[in-house]
Amino acid sequence: MIRKAIFWTHLACGVAAGLVILMMSVTGVILTYERQMLAWADRALVGPAEVAADRLPLEALVARARLQEPDFVPTSIRVAADPGAHVVLAAGRSGSRYVDPYTGAVRGEGATGLREFFSAVRGWHRWFDASGEDRAFWRAITGASNLAFLFLVLSGIYLWLPRVYKWPMVRSRLLFAGAAARTAQARDLNWHHVLGFWSAIPLAVVVATAVVFSYSWANDLVYRAFGEEPPVRGARGGGGGGGDGGKGAAATTGGPSLDELFARAAAYADGWREITIELPRGDAAQMTFAIDFGNGGQPQHRHTLALDARTGEVAASRPFSSETPARRARSWIRFLHTGEALGIVGQTIAGAVSLTSVVMVWTGLALAYRRLVAPLFGRRARSAAVG
């Protein structure tokens, strides 16, 4: 009786949310290697930096960029450890500019077309790419579908368990039947079972993390599980924001220059791969450096360093391990959803289970059609023949 109730609820959720889940799965597959594809496209468009003996000062790079575009006011500077990489100046909605660190030449904005494409795909993934007042409605639809998807994954694990544990029965749920699946229905059922089994755990992680994004109660539950009070949504901490033309606090206080502060941050964080400098407004007392030792999507390899803008001394050092357990968990959740927290292997697994979910939705809807809809046509045909 319990199994029957779970089966019909599983079927109803699959039919109701199937097409939305299909859309989110397809877009999830497309977004799998977004970070790597954008980096590759940017490098292809801007070309390599003209590596020379000495790099230009960061303040000079900002000044040259603003000389060419007076309305472009950088709010952050991203520097990579790779000597052949360009320095990236970012200015919120004004976009980014790639600047050769040796010549000061502005190489453009990078792969803006591809970036806009991924932005649109992400919009579909989250809320059908809606905007304005419509976004809340479609976000509620994808959120409810995520919740239904989580139930489908968890209930599917239960329904996968065979009623009789004999090897032929277990094998049909573990391995693809191939030619042994003599009908389309048998093939779809076999694929549904096999893909569901092998993708169950990573898919449950991907979908459960999406539920945290979709609902504030799920997000709050993460904090309360660790005995912490959830943060107030919309609250922002202190720090930099809209820059002052790139001069920074150090240039207006007689303290160390921007390059001297950067050199101290780089020396403090040996082995860094990328450092982002948040340019402060006016005479800020501190300069903040976001240091990344990983691939950009690994929270455990991030470190925030604040230096006194007047003395260059360390004002605050916040490695990932210094965060509260709940905040660490929330950061992990963000990047486990995409798999980036586990590197390229994690991304590949996340993309693979998104692809398997496409097939499972398709086979599930096909099975539901044969069970619920096809018999109706058969009855009509028989009634017409009798009549």
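Miscellaneous remarks
- Of everything in the stretch 157-189 that is among the small types (Gly, Ala, Ser) and surrounded by 10 or more Cβ atoms within 10 Å (Cβ to Cβ), the residue that is nearest to PRO202 (Cα to Cα) is SER172.
- Which numbered condition ASP71 fails, given (1) of a type in the set (D, E, K, R); (2) surrounded by 18 or more Cβ atoms within 10 Å (Cβ to Cβ); (3) farther than 22 Å from ALA41 by Cβ: (2)
- Residue check for ALA250: in a helix (DSSP H, G or I), modelled with pLDDT under 90 and not polar (S, T, N, Q): yes
- Applying a threshold of 9 Å to beta carbon distances and a minimum spacing of six or more residues, or different chains, the list of pairs starting in the stretch 146-170 at a residue that is closer than 19 Å to GLY28 by Cα and in contact (Cβ under 8 Å) with a residue 40 or more places away in the chain and ending at one that is among the hydroxyl-bearing types (Ser, Thr, Tyr) and outside any helix (DSSP H, G or I) reads ASN146/TYR215; LEU147/TYR215.
- The criterion of being touching a residue at least 24 places away in the same chain (Cβ under 8 Å) and not charged (D, E, K, R) holds for VAL62.
- Helices (runs of 4 or more DSSP H) enclosed by the stretch 122-224 - at least 2 residues per element that are under 23 Å from ALA366 (Cβ atoms), more than 20 Å from the chain's Cα centre (by Cα) and of a type in the set (Ser, Thr, Tyr): 134-160
- Long-range neighbours under 7 Å by Cβ, at least six apart or interchain, first residue in contact (Cβ under 8 Å) with a residue 24 or more places away in the chain within the stretch 20-37, second part of a loop (DSSP other than H, G, I, E, B) and not hydrophobic (A, V, I, L, M, F, W, C): ARG35/GLY296; ARG35/GLY297
- Within the stretch 79-106, considering residues that are among the charged types (D, E, K, R) and crowded, with 19+ Cβ neighbours inside 10 Å, the one nearest to the chain's Cα centre (by Cα): ARG97
- Residue in the stretch 229-240 that is modelled with pLDDT under 95, β-branched (Val, Ile, Thr), in a loop (DSSP other than H, G, I, E, B) and over 30 Å from ARG93 (Cβ atoms) present: no
- Screening HIS10 on (1) without any contact (Cβ under 8 Å) to a residue 60 or more places away in the chain; (2) surrounded by 13 or more Cβ atoms within 10 Å (Cβ to Cβ); (3) over 22 Å from GLN347 (Cα atoms) shows it passes everything except condition (1).
- Test for ARG334: is it surrounded by fewer than 19 Cβ atoms within 10 Å (Cβ to Cβ), under 30 Å from GLY18 (Cα atoms) and among the basic types (Lys, Arg): yes
- Of all residues in the stretch 46-62 being in a loop (DSSP other than H, G, I, E, B) and of a type in the set (A, V, I, L, M, F, W, C), the one that is modelled with the lowest pLDDT: ALA53
- Among the residues of the stretch 260-283, the ones that are surrounded by 15 or more Cβ atoms within 10 Å (Cβ to Cβ) and closer than 16 Å to PRO74 by Cα come to 6 in all.
The rows are residues; the columns are (1) on the phi > 0 side of the Ramachandran plot; (2) buried (at least 19 other Cβ atoms within 10 Å of the Cβ).
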| site | (1), (2) |
| --- | --- |
| PHE293 | no, no |
| GLY312 | yes, no |
| GLU323 | no, no |
| ALA352 | no, no |
| VAL361 | no, yes |
| LEU376 | no, no |
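- The residues in the stretch 175-186 that are within 16 Å of TYR369 (Cα to Cα) and in contact with a Phe, Trp or Tyr (Cβ under 9 Å, 6 or more places away or on another chain) can be counted, and the count is 0.
The values are calculated or read from the model by the stated rules, or taken from the named source; none is laboratory data. The shown structure was predicted, so the numbers you read here are calculated from the model rather than taken from an experiment. So basically every Cβ, Gly included, is an ideal-geometry build from the backbone, and we count neighbours across all protein chains shown.
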